[in-house]
Structure formats: structure tokens, C-alpha cells
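Data block below; observations after.
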Amino acid sequence: MARTGRPRRPIGVPGSVSLTELSPGHWEAGTWVRDRSGKPRRVRRVSPERFDSIGRRVPDRDGSRAEAAVRAAAAALKPETDAEVTSHSSVKQLWESYRAHLVKKDRADGTLRSYDRWAAMLVKAYGYRRIGPDEFKTATAEAFLETVAEGHGRASMLNARSMLSGMLRFAVRKGAIDVNPVREAEIPENVAPKGRTGGAAQIEIEDLRFILASVYWSTVPCPRKLTKAEQKRGIRSYTPPLVAEYCEDADLADLIAIMAATGQRPSQVLGLAWPFYNRKNRTIRTVGKVIRVKGKGLVRVVKDNDPKNPQGTIALPGFAVDILDRRYDRLQARQRENPPPMEFDPTLACRPAELIFPSFDWTLRDPVNVNHQWQRVREALGLPENLSPYTFRKFIALLLDDAGLSARVTADVLQHADPAMTQRKYMARGRVHHNAAELLHQAVMNGTDESLDQDRDEKERAPTSWTLPGR
């Protein structure tokens with residue numbers, strides 16, 4: 001039978017206080033309160049002693065000191081909450097506490113920059129609302145997500161949802177609220193995409209061969225990308241370099257080849273170092289990645305628990321070993337002509353000479369600039385816009401899948417923690433599988449050749465015209 005009557009009092013919130021005067025100026029106060037287990041218990045306190053300036057006892061004339069003591073004892077039974085986060089905290093205050101928590105957890109700088117962007121929008125719209133259920137509801141979360149979706153697209157909305165849900169989940173863990181309002185929020189549907197959609201393109205082996213041959217030997221002109229202002233006013237005519245010449249001058253050909261050989265992201269390939277290259281075993285270990293940190297510039301970051309750069313050893317194909325061996329000899333020759341600093345650089349997390357892909361002045365190369373250089377080459381070769389460096393990661397997944405290797409092997413090669421994600425995001429779908437049709441053909445036709453021959457003989461002996469039975 002459902003419980004009826006007066007609702008239960010919250011844990012740690014005392015009821016009315018009863019006072020009993022034990023002696024003149026000395027009281028006992030009592031109240032009922034639910035402790036941390038939820039069980040009601042009686043709490044009693046007597047008037048605490050107080051003395052005046054010359055040491056005389058001050059009586060508790062109305063029992064107020066006893067009442068204050070019993071209320072303090074009852075409040076001590078309330079579940080612990082973060083002093084900085086309560087149901088009365090504003091959205092702005094919650095975000096500041098949550099961001100400090102993310103920094104303490106050593107979250108990636110890219111994650112913090114992305115979350116800062118959405119948090120600025122959230123604080124501008126709802127920053128001074130309290131996070132309690134009376135002011136920040138599921139409808140509030142939905143309104144914020146719709147605003148992000150309309151202005152920035154579905155992918156940005158999902159990223160903003162991760163930020164908002166994590167922030168309010170943090171408040172739940174701190175005891176400030178009981179339920180995360182984002183949990184029940186509906187994701188906006190039919191959101192118009194912003195910019196290019198569909199992810200990186202899928203390519204076949206012939207496409208990869210064409211790309212690798214082009215970055216080393218193509219004689220196609222490779223003009224630079226014009227800004228909108230230059231496109232409008234025009235520029236003086238000039239002779240653009242050939243694709244192979246541009247890739248050599250920008251030191252791009254080897255970089256593209258190693259990305260294709262390893263499936264690593266540009267930031268990871270730019271962070272590769274010679275001490276982790278094993279020529280004998282034909283392997284290389286991914287340790288650092290290059291990112292841009294606000295206030296510091298380019299930094300080679302080495303983290304043990306980085307999901308975008310898990311430290312692991314990758315087996316190299318033969319052509320990648322040949323490329324790295326030739327590159328090592330060229331860099332040794334460049335060191336003799338232009339010696340790099342020999343001391344350890346904390347920004348690089350290694351010595352400059354140990355970088356496999358250093359800049360021309362022995363510093364870090366910017367992954368964003370590498371992407372822009374690749375865009376120039378891609379346009380010159382007439383390749384589709386969505387053929388990005390991530391295409392090489394997808395190609396490796398496709399190649400290993402076609403070879404019959406398991407998703408676990410593919411996930412290990414691409415350094416994914418979850419093989420299911422490798423299957424869901426990297427392996428191509430909707431392809432035409434002639435081998436499946438051939439397998440079905442063999443299964444159906446196996447052992448039926450003789451019966452088909454008999455049917456063919458009977459058809460040859462049958463009359464050329466026929467009628468339905470009974471007519």
C-alpha cells in the first residue's frame with residue numbers, strides 16, 4: 001500500500017525543536033532528524049556553557065543556546081556536498097568548478113578549448129540561473145542545444161551536449177542536484193549541416209598508389225590557394241611549382257607516405273622521434289603528439305592516458321622502412337650543414353635532432369599548416385574535398401577488413417580502445433561484395449549440375465506449346 005500523509009523530511013533537515021528546562025538557565029533541546037542512512041533518530045543537546053569576562057557562568061535564559069546546538073548537530077548528519085557547488089550555485093559558478101575539475105583530471109587542451117566555446121554561449125544565455133530544478137530544467141537544456149544546432153550544426157551540438165551533460169553530472173556527484181536534466185533532453189532532429197559532412201572519404205588501393213606516386217613524381221602544376229580578396233581583385237600571373245616540387249620544398253611527400261603507412265593522425269606523425277624507431281624489428285612507437293597550447297605555442301605532448309595518442313608500437317610496411325632510412329640519411333646530412341641545438345628541449349619533450357619530421361629550423365611543425373599544404377596538393381591533383389589525412393586511417397581499416405583480419409587486429413593497428421568503434425566509424429559500408437555473390441552461387445550450385453542437365457534434357461523433349469490442365 002502506498003505511503004500517505006506528510007511527506008518525508010529531507011535528510012539532515014531537523015523538525016521542530018522541543019525545549020525542556022532542566023534547571024534555571026540550563027535547557028535540553030531535542031528534535032527528530034533523518035540521518036545519512038535515512039533512518040529517523042532523536043537528537044538531543046543541552047545548553048553549552050558560557051562565561052562572562054570575569055569567569056561567571058552565563059545562564060541560557062530562553063533555551064536559545066540549546067536550540068542552536070541541537071540544530072548544528074542535526075545539520076552535521078546531512079550528506080556531504082561540495083562547498084563550491086550547491087543547488088543555489090549559478091550555472092556560471094558550476095562551469096568554473098567543473099572546468100577546474102577537468103584541468104585537475106588533465107583533460108586534453110583541445111577538449112578544454114572546445115568546451116570553453118560552448119560554455120561561453122551557455123553562460124551568456126543562462127549564466128545567472130541557479131542549477132536547481134526550479135530554474136535549470138530539461139527544457140532549458142533542450143533550448144540551449146537547439147540554439148547550438150541551428151547556429152553550428154549537429155556535430156557541434158553533440159559536442160556541446162557532452163559538455164553540458166558532463167557539467168551537470170558533476171553537480172549530481174557533488175550532491176548539488178539529484179537528477180541530470182540533460183539525460184532526458186531530446187536531441188534536435190533534421191538539423192541542417194554546417195560545412196562539409198560525411199567524414200573523410202573512402203579510397204581504394206589504386207587511389208592510394210596514385211597519391212603516393214603523385215607526391216613524389218607528379219608534374220601537374222600546384223598553384224597556391226587564393227584568398228577571397230585575391231580571387232576578387234585578381235593577382236599577377238606566375239608559374240606555380242609542380243606537385244612533386246612543392247611537396248619536396250614543403251617536406252610533405254615523406255609525411256604523406258608515413259601517414260598512409262601507419263594510419264596515424266598528422267599530430268601523431270609530426271611527434272614521431274628517432275629513438276622509438278626500431279630498424280631491425282621494422283617497428284615504431286608512438287609517444288608524443290604535436291598540439292598548439294594557448295600561451296605556449298606548439299608543444300609536443302607526451303601523456304600516458306591520451307585517447308588520441310595511446311603509446312603503442314606499430315609494425316611498419318617495407319616501403320615505410322625504406323622511406324625512414326633514406327630520411328634519416330638526409331637529416332644527418334642537414335645536421336652537418338645546419339647543426340640543431342643539442343640540449344633537451346622541454347617543449348619538444350626530446351632533443352630537436354631526434355624529431356623525424358622537424359621544421360627547417362629544427363622546431364615543431366604545425367598540424368594545421370600540414371593540413372593546408374595537403375589541401376593545396378589535393379586540389380592540384382583533382383581529388384575530392386573530403387579526402388583528408390584521416391582517409392588514410394579509413395583505408396587501413398578497409399584493407400585489413402578485406403583481408404579477413406578481425407576488428408580487434410584493426411583496432412590495435414589504429415590504436416583504438418574499442419574495436420566496436422573501429423567497425424562503426426572506420427570500416428566502409430554499402431560496398432558491392434562480389435565475393436559474397438560468388439559464395440552464394442557456389443552454395444546453391446554445388447551438387448546441382450546433374451539435376452540441371454536432366455531438366456535441360458526434359459525441356460528439349462517437351463512440346464513447344466502447352467495449355468493449362470483441364471482446358
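Counting the residues of segment 295-353 that are assigned to a helix (DSSP H, G or I) and of a type in the set (A, V, I, L, M) gives 7.
Summed over segment 117-142, the residues that are more than 18 Å from Val179 (Cα to Cα), of a type outside the set (Ser, Thr, Tyr), over 18 Å from the mean Cα position of the chain (by Cα) and assigned to a helix (DSSP H, G or I) give a count of 6. Number of residues in segment 30-56 that are without any contact (Cβ under 8 Å) to a residue 12 or more places away in the chain, more than 30 Å from Ala171 (Cα to Cα) and touching a strand residue (DSSP E or B) at 6+ places or on another chain (Cβ under 7 Å) equals 2.
Residues are listed down the side, and each one gets a yes or a no for (1) in a helix (DSSP H, G or I); (2) of a type in the set (Lys, Arg); (3) modelled with pLDDT of 65 or more:
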{"site": "Gly382", "(1), (2), (3)": "no, no, yes"}
{"site": "Val413", "(1), (2), (3)": "yes, no, yes"}
{"site": "His416", "(1), (2), (3)": "no, no, yes"}
{"site": "Val432", "(1), (2), (3)": "no, no, yes"}
{"site": "Asp457", "(1), (2), (3)": "yes, no, no"}
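For segment 248-261, the condition of being within 17 Å of Ser359 (Cβ to Cβ) and of a type in the set (Gly, Ala, Ser) holds for at least one residue. Scanning segment 143-178 for residues that are over 22 Å from Asn190 (Cα atoms), among the basic types (Lys, Arg) and in a helix (DSSP H, G or I) yields Arg169, Arg173.
Just one residue in the set Pro339, Pro352, Pro367 is in contact with a helix residue (DSSP H, G or I) (Cβ under 7 Å, 6 or more places away or on another chain) and not acidic (Asp, Glu); that residue is Pro367. Based on what the data block shows, is Ile211 more than 17 Å from Leu355 (Cα to Cα) and within 30 Å of the chain's Cα centre (by Cα)? Yes; evaluated as a whole, the condition is true for this residue. Taking (1) in contact with a helix residue (DSSP H, G or I) (Cβ under 9 Å, 6 or more places away or on another chain); (2) of a type in the set (Val, Ile, Thr); (3) under 19 Å from Val302 (Cβ atoms) in turn, Val377 satisfies each apart from (3).
The values are calculated or read from the model by the stated rules, or taken from the named source; none is laboratory data. All values reported here derive from a predicted model rather than from experimental measurement. So basically every Cβ, Gly included, is an ideal-geometry build from the backbone, and we count neighbours across all protein chains shown.
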